[in-house]
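Peer 1: Quick one: structure below, then a few questions.
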Amino acid sequence: MILQADQLSKAFGSTQALDKLSLSIEAGSFFGLLGPNGAGKSTFMSIVSGFLTQDSGSLTLDNSKLDPNNIEQKKKIGLSPQHIALYKELSAETNLKLFGKLYGLRGKELHQQIEYALEVAQLTERRKSPVKEFSGGMKRRLNIAAALMHKPKILLCDEPTVGVDPQSRNAIFDTLLELKASGMTIVYSTHYMEEAERLCDQIAIIDAGKILRVGSLDTLLQELPRTNLIRARANTLDTQQAATLSTFGDVQQTGSSLQLQTAPDFKLSSFFKWTEEQNLEATHFQIAHPSLEDLFLHLTGKDLRE
Ligand SMILES: Nc1ncnc2c1ncn2[C@@H]1O[C@H](COP(=O)(O)OP(=O)(O)O)[C@@H](O)[C@H]1O
Ligand SMILES: [Mg+2]
């Protein structure tokens, strides 16, 4: 485990932002922190990066206790904060130079890392432009690249796609997946379950400062009843067909719109074989799987995006 939190607590006045939060992050993994606004994601990342101090509990980095004053430990961690932390009046290049110097980079290494970070941010051509001229996506890409200047082992990426255009969002995903492929550990916070499902090896579901569940997507979803929902627009079924259809699960039909909540032993291939045999002309097939959104609802009784 590269990073472990043990019973981490942090309060702001009467708000318990983290409530005895414990988790373990494996080296080289893409670890997702999925939770709604106010869950404690940013507070956790701020404590790991030493910008906040916990009230109680401890963190372990690479098997030694994390000490906010230990520079060597600090160099292993990069934070790309939720709120863009860049100097608007300064160019992309100068911003990166400042971040590099902050981490003690000098000379050739500093220049190499600036080139690398500009490339990661896809801003080499715009290196001389002041940040204030950049789009939301460009700023976000630079905000991530700045966190990479000192070659951290762990990158904490706090909600990097909020307010970002789809093209930049895909560029950010590609960059993060490449970093993971190169061996970096990525800790990624989001309130978008699609992102957690798409990117993360391990997902921790966080709410009210507590980790509710941790696991791979498949493991997490096993907690939900194993059903699929099939929606289709279909021709009217005869009595015999309707009877057979109901052996596949619970059927609801409203006019030509049909909804099948599948039974646990449902086999999609047999279902399609049967529709073909019966010459059932179903158009607009849609199969809905249980999602992390359903799991969050199941665990907390509320929506992720409330
Ligand atoms: N500096 C602060 N002062 C007061 N309350 C804060 C501060 N930072 C966070 N909080 C509160 O702590 C809780 C967790 O916040 P945060 O860690 O930002 O959640 P998330 O990043 O998951 O949205 C929220 O209720 C938030 O309002
Ligand atoms: Mg946050």
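The values are calculated or read from the model by the stated rules, or taken from the named source; none is laboratory data. Computed from a predicted structure; not experimentally measured. Here the Cβ is made from the backbone with ideal geometry for all residues, glycine too, and neighbour counts use every protein chain on show. Protein only, heavy atoms only, side chains kept; ligands, DNA and RNA dropped before computing areas. Shrake-Rupley method; radii C 1.70, N 1.55, O 1.52, S 1.80 Å.
Peer 1: Suppose we keep just the alpha-carbon trace of the chain; what are its Rg and Dmax in angstrom?
Peer 2: My reading of the Cα-based Rg and Dmax gives 23.9, 80 Å.
Peer 1: Accessible area per residue, 1.4 Å probe, Å², for the stretch 75-117: what's the number?
Peer 2: Values: 2490 Å² over 43 residues.
Here the per-residue accessible area is 58 Å².
Peer 1: In the chain, what percent of the accessible surface is made up of carbon and sulfur (1.4 Å probe, ligands and nucleic acids excluded)? Provide the component values of the computation, followed by the final result.
Peer 2: On the way: 7500 of 15680 Å².
Carbon plus sulfur share of accessible area: 48 percent.
Peer 1: Determine how large the accessible area of H150 is when every protein chain is in place; take a 1.4 Å probe and give Å² rounded to the nearest 10.
Peer 2: 20 Å²
Peer 1: Between D265 and I287, what length comes free when the chain is fully extended (0.36 nm per residue of separation minus the Cα-Cα distance, one decimal in nm)? Numbers along the way, then the final one.
Peer 2: Values: separation 22, 0.36 × 22 = 7.92 nm, distance 1.59 nm.
Full-extension gain reported as 6.3 nm.
Peer 1: Let me make sure I get this right: for the stretch 89-150, a, b and c are the square roots of the gyration tensor eigenvalues over alpha carbons, sorted descending. Under 1.5 in a/c it's rounded, otherwise prolate if a/b > b/c, else oblate. Which is it?
Peer 2: Values: a/c = 1.81, a/b = 1.72, b/c = 1.05.
Because a/c hits 1.5 or more and a/b exceeds b/c, the stretch 89-150 counts as prolate.
Peer 1: Could I ask something else about it? Find the eigenvalues of the gyration tensor of the Cα atoms of the stretch 150-306, then list the square roots of 5 times those eigenvalues as equivalent ellipsoid semi-axes, largest first, in whole angstrom. Could you put the intermediate results ahead of the total?
Peer 2: Working: eigenvalues 314, 62, 42 Å².
Result for the stretch 150-306: semi-axes of 40, 18, 14 Å.
Peer 1: Please work out the Cα center distance from the stretch 150-183 to the stretch 41-103, rounded to the nearest Å.
Peer 2: Each part's Cα centre sits 16 Å from the other's.
Peer 1: Calculate the translational D of the stretch 154-206 in whole µm² s⁻¹ from Stokes-Einstein, where the hydrodynamic radius comes from the Kirkwood formula applied to all Cα pairs, the temperature is 4 °C and the viscosity 1.567 mPa s.
Peer 2: Values: Rh = 11.5 Å.
In µm²/s, the coefficient is 113.
Peer 1: Another question, then. Remind me, relative contact order of the chain in percent, using alpha carbon pairs under 8 angstrom and six or more residues apart?
Peer 2: Values: 564 pairs, mean separation 63.0, N = 306.
The value is 21 percent.
Peer 1: Same structure again: Can you pull the Rg over Rh of the stretch 229-289, Cα-only, Kirkwood?
Peer 2: Numbers: Rg = 10.4 Å, Rh = 11.5 Å.
Answer for the stretch 229-289: 0.90.
Peer 1: Greater than 22 Å separation of Cα atoms is the criterion. Which listed pairs, K74/K180; K75/K210; K65/K139, meet it? Write out the running numbers ahead of the final one.
Peer 2: Values: K74/K180 19 Å; K75/K210 27 Å; K65/K139 34 Å.
Cα-Cα > 22 Å for K75/K210; K65/K139; rest within.
Peer 1: Taking a probe of 1.4 angstrom, what is the accessible area of K74 in Å², to the nearest 10?
Peer 2: 80 Å²
Peer 1: Now for a separate question. For the stretch 229-289, with only Lys/Arg (+1) and Asp/Glu (-1) charged at the beta-carbon, what is the dipole magnitude about the Cα centre, in debye rounded to 20?
Peer 2: On the way: 4 positive and 6 negative charges, 35 e Å.
About 160 debye.
Peer 1: Over the chain, what is the percentage of antiparallel beta bridges among all DSSP beta bridges, to the nearest 5? Don't skip to the end; give the middle numbers.
Peer 2: Numbers: 36 of 54 bridges.
Restricted to the chain, the bridges split so that about 65 percent are antiparallel.
Peer 1: Moving on. Choose one answer from A39, A92, A232: the residue with the largest mean-square fluctuation in a GNM of the chain with alpha-carbon springs under 10 Å.
Peer 2: With Cα springs under 10 Å in the chain, the top fluctuation among A39, A92, A232 is at A232.
Peer 1: Looking only at F51, F134, F12, which one moves most when the chain is put into a Gaussian network model with springs between Cα atoms under 10 Å?
Peer 2: The residue with the greatest mean-square fluctuation here is F12.
Peer 1: Taking a probe of 1.4 angstrom, what is the accessible area of Y192 in Å², to the nearest 10?
Peer 2: 60 Å²
Peer 1: With charges only on Cβ, +1 for K and R and -1 for D and E, what is the dipole size of the stretch 132-251 about its Cα centre, in debye, rounded to 20?
Peer 2: Values: 14 positive and 15 negative charges, 81 e Å.
Approximately 380 debye in magnitude.
Peer 1: What translational D, rounded to a whole number of µm²/s, comes out for the stretch 56-185 from Stokes-Einstein when the hydrodynamic radius is the Kirkwood one over Cα pairs, at 4 °C and 1.567 mPa s? Walk me through the numbers on the way to the answer.
Peer 2: Values: Rh = 15.1 Å.
The diffusion coefficient I find is 86 µm²/s.
Peer 1: So, one more: Quick one: putting +1 on the C-beta of Lys and Arg, -1 on the C-beta of Asp and Glu, what dipole do you get for the chain around its Cα centre, in Debye to the nearest 20?
Peer 2: On the way: 33 positive and 36 negative charges, 278 e Å.
Magnitude of the dipole: close to 1340 debye.
Peer 1: When the C-alpha atoms of the stretch 63-121 are aligned to their principal axes, what extent does each axis show, in angstrom, from largest down?
Peer 2: Principal-axis extents of the stretch 63-121 (Cα, largest first): 37, 30, 18 Å.
Peer 1: Order the following by accessible area, largest value first: K273, K128, K101. Probe radius 1.4 Å; ligands, DNA and RNA are ignored.
Peer 2: K128, K273, K101
Peer 1: Pull out the extension gain between S129 and R233, defined as 0.36 nm times the separation in residues minus the alpha carbon to alpha carbon distance; nm, one decimal.
Peer 2: Details: separation 104, 0.36 × 104 = 37.44 nm, distance 5.32 nm.
Stretched fully, the S129-R233 segment lengthens by 32.1 nm.
Peer 1: Cross-link candidates for K132: which lysines have Cα within less than 20 Å, leaving aside residues fewer than 8 places away along the same chain?
Peer 2: The qualifying lysines are K88, K97.
Peer 1: Also, quick follow-up: So, for the stretch 18-69, what is the accessible surface per residue at a probe of 1.4 Å, expressed in square angstrom? Write out the running numbers ahead of the final one.
Peer 2: Numbers: 2140 Å² over 52 residues.
Spelled out: the 1.4 Å probe surface of the stretch 18-69, per residue, equals 41 Å².
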